[in-house]
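The structure under discussion appears below in the form of structure tokens.
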Amino acid sequence: MQQAQAGHMIVLFTDFGLSGPYTGQMKAVLHREAPGIPVIDLFADAPATNPAASAYLLAAYAVWFPADAVFLCVVDPGVGGKRPAVVVEADQRWYVGPGNGLFELVQRRARKTRSWEIDWRPEQLSASFHGRDLFAPVAAKLARGEPPPGRPRDDVGRRPDWPDDLAEIVYLDHYGNAMTALRAAMLPPGAKLVAAGRTLERARTFSDRLSGSAFWYENSNGLAEIAVNQGRADRELGLAVGSPVEIASPERRNS
């Protein structure tokens with residue numbers, strides 16, 4: 001039986017949702033092909049059919065995982081079409097999934113990155129479930145320490161036209177907080193955010209604002225997030241994935 005090694009784990013990042021058979025089917029393949037290697041659920045509710053929004057989330061959250069972690073990523077509206085299947089190595093972490101831009105921000109922010117186009121194919125490959133039939137077996141191979149089953153290709157799946165930071169809501173969490181794809185460290189000091197017609201000032205944390213007050217803060221993964229203290233920002237401000245966010249510079253005072 002394959003024994004887990006330090007740093008070796010498979011991390012799931014998908015838009016499959018929290019119900020239904022898809023995650024379970026992928027995990028069954030991973031258990032068969034890489035027994036003993038832990039499988040971590042990171043996102044099952046990444047922005048559905050939206051590789052662009054998902055790419056910013058993946059880049060923000062992947063950095064918390066150790067070297068040699070293998071990310072099995074499936075946000076794949078083009079499954080069965082012409083988009084390539086890829087493996088990316090970025091800062092010693094591995095990423096397997098569709099070449100539709102999902103790994104663009106991971107690669108762009110990495111100190112060192114390489115990529116391959118997967119040319120291996122299983123005996124049976126569904127046209128609509130590459131997560132189970134193609135990406136899961138490849139992720140298992142990498143977690144076992146095998147080389148990428150493909151040919152090197154540095155430009156595969158890249159989206160150089162995507163911005164470094166995306167001024168949109170990309171995720172709504174269980175509490176109704178609205179996560180943007182803006183890195184808080186990239187915003188000017190004193191910056192305000194404008195969303196759904198509301199101008200929001202920055203707070204350090206929830207308790208710095210009165211109950212019912214809307215604000216933005218730097219979340220634990222470095223992204224600017226909009227919240228309402230003891231409320232739901234999505235409902236109270238009318239926010240959804242894809243809602244635009246504007247960066248408003250602090251007002252200058254006349255001397």
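Table for the structure above
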item	result
Longest exposed-site-free window of the chain, the sites being trypsin sites (Lys or Arg not before Pro) in a DSSP loop that have at most 13 other C-beta atoms within 10 Å	113-203
Chain lengthening between residue 208 and residue 65 when straightened (0.36 nm per residue, less Cα-Cα)	48.5 nm
Column: log10 I(q)/I(0), Debye, Cα scatterers of the range 107-181, q = 0.15 Å⁻¹	-0.82
Distribution of pairwise C-alpha distances over the range 156-253, 10 Å bins, in %	16, 51, 25, 6, 1
Antiparallel DSSP beta bridges within the chain, percent to nearest 5	70 percent
Surface share of carbon and sulfur [accessible, 1.4 angstrom probe, percent] for the chain	48 percent
Gain upon complete extension [residue 230, residue 44; 0.36 nm per residue less C-alpha separation]	64.4 nm
Amide H contacts under 5 Å for residue 182, placed H, 5+ residues apart	166, 168, 224
Label-to-label distance, nm, for residues given as residue 18 and residue 119 (7 Å Cα→Cβ offset)	4.3 nm
³J(HN,Hα) computed for each position of the range 195-207 - Karplus, 6.51 cos²θ - 1.76 cosθ + 1.60, integer Hz, glycine/proline x	9, 6, x, 9, 9, 10, 8, 7, 10, 6, 7, 4, 5
For residue 46, residues with placed amide H under 5 Å, excluding near neighbours	14, 15, 16, 17
Per-residue [θ]222 nm for the chain (sum of -39500 (n - 2.57) over DSSP H runs n ≥ 4, rounded to 500)	-4500 deg cm²/dmol
Cα principal axis extents for the chain, largest first, Å	70, 36, 35
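The values are calculated or read from the model by the stated rules, or taken from the named source; none is laboratory data. On a predicted model such as this, the values are computed, not experimentally measured, just so you know. Here Cβ is always computed from backbone atoms with ideal geometry, including for glycine, and neighbour counts include all displayed protein chains. Each accessible area value is taken on the protein alone, full model and side chains, heavy atoms only, with ligands, DNA and RNA left out. Shrake-Rupley method; radii C 1.70, N 1.55, O 1.52, S 1.80 Å.
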